[in-house]
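Reviewing the structure listed below.
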Amino acid sequence: MASRLLWIGLCWLLCYPVASQPYVFLVRFTNKSNSPFSVSQPTQFLSQASLDRRSRQHISVTEEDLPVNPSYIDSCKAVGATVVYPLKWMNAVVVKADSSQWQQLQQFSFVRSAALMKARKGGLESSQHVQAIQYGYASRQNQMLGIPDLHTDGGKGQQVVMAFFDGGFSKANEMDVFASHFQENRILSTWDFVHQESNVYNDHEHGTQCFAVAAAYQPGLMIGPAYEASYHLLVTEDVSSESPLEELNWARAAEYSDSAGVDIISSSVGYYSFDTPSFNYQYSDMDGNTSLITQAADKAVSKGMLVVNSAGNEGLTSWYHIIAPADGDSVLAVGAVNALGNYVGFSSKGPSADGRIKPDVTAQGQGTYVADFNGVYPNNGTSYSCPLVSGLAAAVWSLDKQIPAVQLMNWIKQSASNSQSPDNLIGYGIPNYQRLKILMGNFESILLISHPGKISEIEVWLPKRYLEQTVNIKIRDARGRLIWQQSQKIQETIWKLPDTIVPGWYFMEISGVDPVFQTKLVLTE
């Protein structure tokens, strides 16, 4: 079932619907004229938390933030159409209507278009040791990102608001791993945009699994990266069918998240193929601009939110590319590696259709431990690497909420293991908190990273204030004998050691700076 939560696609109306059958349309309006709402009074339609987030990042409230004109919505209702929900960023509404009502809607002067999104099935479509004990099954997947050190430094997601977009959160309200979230009233809201109801706990378990990867808290069993954040649990995916309507559900959930003051959207859904082939996307559509869901995701980022999305599980299929909205240039698309940090074949590949590196980063997506009402067990998919990265982002952001979302996204990419030579399998690689800490300017030590298979190459990270300074480097073996020394300016993070060096334990000293740094260095084959 998880595969259905990762991909789908879109095409416009190609024929008239059959009379008397119910259909779902996206009705776009021409303007927001004569609206009772005004950008000068944003508290009428945005929460104070949303306004505060924008203020911190110098983002203005504009006309596109205004709700859809209520008189236009009333006019749709007047012809007998059922309004499912409005989409203010698109200046549109999603409506249920028959063919007669659809024709009437198109007669309104303020209606720009009314495009088919979904038809009835059968019609046009078929629908470290102590830490390891504490983190339990999640130990390895957290350690890969440096989560234990991040928690030690106090970053646990507190004061950060996350929204999870998925196909359901079955029995999450009954599970011990989420008990603290409910007891502390950190489940801020739930809404099912598919069925238009608040109960999300009777749907699919996929969202429960993803939520647990990021937010579980049951010491000794499973702890996620962002277990002290606050959450909105939102159903956007219809697990019974695949249609472009789900893209609009996602867009509506993004608008809702904006209004509610959400900081991070963690989305383990994606689209390129639908039940109706005429709606399918082509690879050329994965250009960061074409799909409705990608447009909505990029718009969400422009409002100050960070959007983290699964890259897709199509690596071994004939499609094999990333899926929307992972193609967005503002979306942090997450691919999958195994427990050893190696690319796994099912993870969707880049580049985007316009040639950009995708995915952006990776995390453990093979053998990732998830939790649902069946217990804790390993599972596979970029669905699960995504919440690891969104959880990392939330925990890091909780250390400094003044960081703009786009800056945080860039730092996450710069901190990743493949940032020196990004590719279209793992992107910039696996993010690392210790590197992030340096980029944030909160690091007063030295971080050494050896690259397996490259004995004479190490990655050296020093506090920013030492850039461009000349330092003296000495390396001694385990017996204290000096085997190499050199003076060089700190400009690059990759340092070349003599080709004669062999695997083993060494001690490195960096002097010429205050304080003098001394650390152990392990070089392996």
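Restricted to region 171-186, and to residues there that are of a type in the set (A, V, I, L, M, F, W, C) and surrounded by 17 or more Cβ atoms within 10 Å (Cβ to Cβ), the residue that is farthest from VAL161 (Cα to Cα) is MET175.
The single condition among (1) at pLDDT below 90; (2) in a loop (DSSP other than H, G, I, E, B); (3) not charged (D, E, K, R) that ILE473 does not satisfy is (2).
Among strands (runs of 3 or more DSSP E) entirely within region 344-393, having at least 1 residues that are within 21 Å of MET175 (Cβ to Cβ) and in contact with a helix residue (DSSP H, G or I) (Cβ under 8 Å, 6 or more places away or on another chain) singles out 368-372, 375-379. Residue-level check: of (1) closer than 28 Å to GLY304 by Cβ; (2) surrounded by fewer than 24 Cβ atoms within 10 Å (Cβ to Cβ), GLN282 misses just (1). When you look at TYR506, is it modelled with pLDDT of 75 or more, of a type outside the set (Gly, Ala, Ser), more than 23 Å from ASN418 (Cβ to Cβ) and surrounded by 15 or more Cβ atoms within 10 Å (Cβ to Cβ), yes or no? The answer is yes for TYR506. From the list GLY345, GLY312, GLY328, the one residue that fits, being more than 20 Å from SER139 (Cβ to Cβ), more than 19 Å from the chain's Cα centre (by Cα) and modelled with pLDDT of 95 or more, is GLY345.
For region 50-73, which positions are of a type in the set (Gly, Ala, Ser) and in contact with a helix residue (DSSP H, G or I) (Cβ under 7 Å, 6 or more places away or on another chain)? Can you show your working first?
Kept after step one, since they are of a type in the set (Gly, Ala, Ser), are these residues of region 50-73: 50, 55, 60, 71.
Of everything in region 50-73, just one residue is of a type in the set (Gly, Ala, Ser) and in contact with a helix residue (DSSP H, G or I) (Cβ under 7 Å, 6 or more places away or on another chain), namely SER50.
Kindly evaluate ASP192 against the criterion of being in the same structural domain as SER230 (by TED's automatic domain parsing), touching an Asp or Glu at 6+ places or on another chain (Cβ under 7 Å) and at pLDDT below 95. Judged against the criteria, ASP192 is not a match. For region 104-126, the set of residues classified as modelled with pLDDT of 80 or more and not in a strand (DSSP E or B) consists of GLN104, LEU105, GLN106, GLN107, PHE108, SER109, PHE110, listed by residue number.
Being of a type outside the set (S, T, N, Q), closer than 30 Å to GLU205 by Cα, more than 15 Å from the chain's Cα centre (by Cα) and surrounded by fewer than 19 Cβ atoms within 10 Å (Cβ to Cβ): is that true of GLY355 here?
The answer is no for GLY355.
In a strand (DSSP E or B), at pLDDT below 95 and not acidic (Asp, Glu) - does that describe any residue in region 70-80? Looking through region 70-80, none of the residues is in a strand (DSSP E or B), at pLDDT below 95 and not acidic (Asp, Glu). Put simply, of GLY335, GLY328, GLY341 the only residue that is buried (at least 21 other Cβ atoms within 10 Å of the Cβ) and part of a loop (DSSP other than H, G, I, E, B) is GLY328.
Return yes when THR524 is at pLDDT below 70, of a type in the set (Val, Ile, Thr) and loosely packed, with under 12 Cβ neighbours inside 10 Å and no when it is not. Yes; evaluated as a whole, the condition is true for this residue.
For region 294-307, does any single residue satisfy the condition of being over 25 Å from ALA214 (Cβ atoms), hydrophobic (A, V, I, L, M, F, W, C), part of a loop (DSSP other than H, G, I, E, B) and touching a Lys or Arg at 6+ places or on another chain (Cβ under 9 Å)?
Within region 294-307, the subset over 25 Å from ALA214 (Cβ atoms) is 295.
Checking which are hydrophobic (A, V, I, L, M, F, W, C) leaves us with none.
Among the residues of region 294-307, not one is over 25 Å from ALA214 (Cβ atoms), hydrophobic (A, V, I, L, M, F, W, C), part of a loop (DSSP other than H, G, I, E, B) and touching a Lys or Arg at 6+ places or on another chain (Cβ under 9 Å), which makes the answer no.
Out of all the residues in region 56-74, which are surrounded by 12 or more Cβ atoms within 10 Å (Cβ to Cβ) and out of contact with any Phe, Trp or Tyr (no Cβ under 8 Å at 6 or more places or on another chain)? The answer is ARG56, GLN57, ILE59, VAL61, GLU63, PRO70, SER71, ILE73.
Among ASN289, ASN249, which is the only one that is crowded, with 24+ Cβ neighbours inside 10 Å and either assigned by TED's automatic domain parsing to the domain that holds THR82 or among the polar types (S, T, N, Q) (or both)? Walk me through how you get there before you give the answer.
Numbers: ASN289 fails: crowded, with 24+ Cβ neighbours inside 10 Å.
Residue meeting the stated conditions: ASN249.
The values are calculated or read from the model by the stated rules, or taken from the named source; none is laboratory data. Since the model is a prediction, treat every value here as computed from it, not as a measurement. Cβ: placed from backbone, ideal geometry, glycine included. Neighbour counts: every protein chain shown.
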